[in-house]
């Protein structure tokens, strides 16, 4: 940081010096007639500035890039992520060529062709061949970039594989809730936003038998390593966006329109801790669509682990019905027996469900 | 020249009819003269720019120097600064939102297009005034009304609109979702509706004037590129702003009349809303159908001004005049069919994403043509570094540097990671924000003598340029790094996540650079206002330029030209023509007077001069 400030300070000191020197000379005279061939004021200094800024700018950009690299995200932890990263740096590499070339020409020409006394510019209004060249060359480069990008995009957004682990993630002001299909059927039950209350935060529809073993978690998402994970993404109130920076995953959560994103994570949290030599490393999920006051802190942690640990974690989670057995009242009578599997017998008393539901409303309305 | 002199008698006659004495209100307030209206737009735009940029400085302090005590802002911001001197997170979002709204619409649309379309169209095409002075006046006063409402919203207890300048519903539709979505959003929508009316009144006028009121001989292929850019900009605005109005009206319906255009399946504050069947994505489609052309509405006038200023000060014809027009038309056309590249990760059908990626990347081609043509115009020139010229050269650099990262973001696969990160912020600030602002500066420095009859101090202008140019790059190049590191935009602070809880020095650096650039603008403000009153007297044609505005009196009165309107015989880029005595030949000089420098095909045109001279269809002073 000190170096940057020092560098900037140096640039400004130099600039100010030049400026003051110039001011002394020219501040008194502003020519009041058409000054035919007189040297325009400050022309030489400004011409020189183009070269100064070009050289200092090139050094500053190269140096700052080297400095910034250590803060970039580590190598992607998903298969498609490494592909888009490669594509990104490949594209950046290609684009650096015109960036340098064009800026060099602008700055260099400005200096080289600055006003000279008794000199006349060349009258050069057009050249069709040149125009054709710089239409076609960018077009070909674009075609190349479009093609590589399009291939990657279609693969990433293709239909998810059948064996993908399906996990639902719902955004609300201001946290995420993840829901799993459960260890018995591993299928997500239906939902309906009208069923949402303080406990049933994502509106699980308990008349669907697939929902009986669903479990949810507002603080942590676990996913297995090495196989496709399909995120089913929903929003409860306003727009949110699921962003898993290390996985290069992003997809908006839209109220009323479920979205999805599938990817294959291939580095566990432990792998990353070893790779980065940081025992505290955690994958994080953030929100990237402005959603209100708490937008900047809408976090849920992500744990990537091997298949066995993942299975173990899933089996340790208590299902929604186990946590809130009063919701058994919402299960249709013909399915009650199935729903009660795995529940302690005495909790199956439906009497207090209305009380909790109203408590839910009041708790819900206190969310700001 | 001789043509003008020969018509002296006719002019006296026409002149008398039109010197009705005007009182202060008619002359400066409800004025129908395009030059005064242009100045009204310019001054209002400058005031808005100061407000808009000040906001960005406040939130840059919050982002880059989060531990700083902001109590010194309490006299201005009052309750938005907490007891401990911290910025309120809701107000942070309001600042971000208002900064975007103000800069995009009030400064770079109204302030740039409003100023220079109004000022230059009649002067450069040789017209007495706009087609409808009254509509033109209305246009400004609708803008003024929109400004008052938007300004008023800053003082609401619940704060101004705060859902981002894109005001995506449901956040913007539901007052219970955010304090800024209450009265602040109502005023935002009302203000924008009036703003759109203002833009349409102005745009219709620009188009009509350019098509109908060109002076004799001013065919489309002799129009300066500035006028081409204003014409194309006005057409863009005329087609796209009504779509924004429709999206705004639907949002008003959703907010106040219980409709469900954008709302569906929402549970908020312990209550499931009855709205079903709407789609928030619909709003995004409607919004970006304006929002993307808006980028070019902001940018094209800047490019037009640059074309003119670079040619004049390189003392060379603009390279590839026709290619420049074609590329502007190409950009304008493509602007309408790329909007969904703002929506790659909204859950839109991936196939649509592919189509929009393809269309988006095509825009790089006409943009590249423009960039190369500017560079070739500099090549072998005889460059005079007036402040206007410096800002034009700076614009080309910023336009190219910022445009290149657009190729990354327009690639849907890469956009997955970069969408809504600081990479996007860096990209559009360079290519759209800073580049257009440079166009605005170039225009002000270049046409200040015509506006006020005085010169701005060139040295201060040059200093202003270098500080601003370097400052802009110091802000936005590092911002790309922050984006690559994954930092999401519109975050109040970066302490909540491990992946953003670092890189603090870079954010601090950006903020320091932003404050520095902000301070540098006071050089301009001082120079501008001081020179209006105390600047040196402007000569007739200070930049030795070819366009018609420099043939008017130094301070043109109502009707712009005394006597007959000038006739036009050539394009506006005859700089450094081989054989010519001077290194410029204004548009109103007939080929018959420049036999020494004519090309063979131009000698053939001498025969048409009599016919051109004889026409005088469009002089509004002769229309009775």
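We did not get these values from a lab; they are worked out from the coordinates using the rules stated. This structure is a prediction, so every number in the text was calculated from the model and none was measured. Note that each Cβ is placed from the backbone with ideal geometry, even for glycine, and that neighbours are counted across all protein chains shown.
With axes computed from alpha carbons, what is the tilt in degrees of helix B:133-153 against the longest principal axis of chain B, rounded to the nearest 10 within 0 to 90? Approximately 20 degrees, to the nearest 10. Once Rh is set to the Kirkwood radius over Cα pairs, what Stokes-Einstein translational diffusion coefficient, in µm²/s, holds for the range B:484-622 at a temperature of 4 °C and a viscosity of 1.567 mPa s? It diffuses with D of about 62 µm²/s by this estimate.
Packing, taken as the mean count of other beta carbons within 10 Å per residue, orders the peptides B:411-422, A:159-170 from highest to lowest as B:411-422, A:159-170. Packing, taken as the mean count of other beta carbons within 10 Å per residue, orders the peptides A:88-96, A:225-233 from highest to lowest as A:225-233, A:88-96. In terms of Cα atoms, the Rg and Dmax of the range B:323-443 work out to 15.9, 53 Å.
Here B:285, B:480 are placed in order of increasing Cβ neighbour count within 10 Å, fewest first, which gives B:285, B:480.
Per-residue mean of foreign Cβ neighbours for B:309-320 is 4 (Cβ atoms of other chains, 10 Å radius). Using alpha-carbon pairs under 8 Å, 6+ residues apart, how would you state the relative contact order of the range A:165-341 in percent? Worked out over the range A:165-341, it gives 25 percent.
Calculated translational diffusion coefficient of the range B:234-289 (20 °C, 1.002 mPa s; Stokes-Einstein with Kirkwood radius over alpha-carbon pairs) equals 176 µm²/s. Summarising the strand pairing of the range A:165-341, around 70 percent of its internal DSSP beta bridges are antiparallel.
Considering all different alpha carbon pairs of the range A:165-341, the Kirkwood hydrodynamic radius works out to 16.7 Å. The Rg/Rh ratio of the range B:30-89, with both radii computed over alpha carbons and Rh defined as the Kirkwood radius, is 1.25. Residues B:456, B:328 in ascending order of nearby Cβ atoms (within 10 Å, fewest first): B:328, B:456. Rule-of-thumb check for chain B: C-alpha Rg over 2.2 N^0.38 Å? After normalising by residue count via 2.2 N^0.38 Å, the value is 0.99.
With a Cα-only, solvent-free Debye model of the range B:137-198, what are the log10 I(q)/I(0) values at q = 0.12, 0.14, 0.21 Å⁻¹? Taken in order of the listed q values, log10 I(q)/I(0) reads -0.28, -0.37, -0.73. Using just its DSSP H runs of length 4 or more, each adding -39500 (n - 2.57), chain B gives a mean residue ellipticity at 222 nm of -19500 deg cm²/dmol after division by all residues. Legend: mean number of C-beta atoms from other chains within 10 angstrom of residue C-beta atoms, peptide A:104-111, equals 6.
Taking the Cα centre of each part, how many Å lie between the range A:281-313 and the range B:306-356? So the two Cα centres are separated by 39 Å. Looking at the protein assembly as shown, the DSSP beta bridges with both ends there are about 70 percent antiparallel.
For peptide A:49-57, the mean count of partner chain Cβ atoms within 10 Å of a residue's Cβ comes to 3.
Against the longest principal axis of chain B, how steep is helix B:89-101, in degrees 0 to 90 to the nearest 10, with axes from Cα atoms? Between helix and principal axis, roughly 20 degrees. Built from the Cα atoms of the range B:253-411, the convex hull projects on average onto 12.2 nm², one quarter of its surface area. Per-peptide packing, taken as the mean over residues of other Cβ atoms within 10 Å, places B:119-126, B:247-254 in the sequence B:119-126, B:247-254 from highest down.
Working from Cα pairs under 8 Å separated by at least six residues, relative contact order for the range B:140-257 is 28 percent. Debye-formula intensities of the range B:395-540, expressed as log10 I(q)/I(0) at q = 0.15 Å⁻¹, are -0.80 (one equal scatterer per alpha-carbon, no solvent). Shape index of the range B:54-120: Rg/Rh, with Rg the Cα radius of gyration and Rh the Kirkwood radius from the inverse mean 1/r over Cα pairs, equals 1.16.
When each of B:573, B:374, A:65, B:591 is scored by the number of other beta-carbon atoms lying within 10 Å, the sequence from fewest to most is A:65, B:591, B:573, B:374. For the protein assembly as shown, the direction-averaged projected area of the alpha-carbon convex hull comes to 41.5 nm². Principal-axis analysis of the Cα atoms of chain B puts helix B:504-534 at an angle of about 30° to the longest axis. The range B:92-116 and the range B:581-602 have Cα centres lying 43 Å from one another. Short to long, the 10 Å bins of the Cα pair-distance histogram for the range A:54-210 hold 7, 18, 20, 19, 14, 11, 7, 3, 1, 0 percent of all pairs. For the range A:42-128, the equivalent ellipsoid derived from the alpha-carbon gyration tensor has semi-axes of 39, 19, 5 Å in decreasing order. Based on C-alpha pairs under 8 angstrom that are at least 6 apart in sequence, the range B:435-533 has a relative contact order of 43 percent. Is the range B:468-516 rounded, prolate or oblate when judged by the Cα gyration tensor, a ≥ b ≥ c being the square roots of its eigenvalues, rounded requiring a/c under 1.5 and prolate requiring a/b larger than b/c? Because a/c hits 1.5 or more and a/b exceeds b/c, the range B:468-516 counts as prolate.
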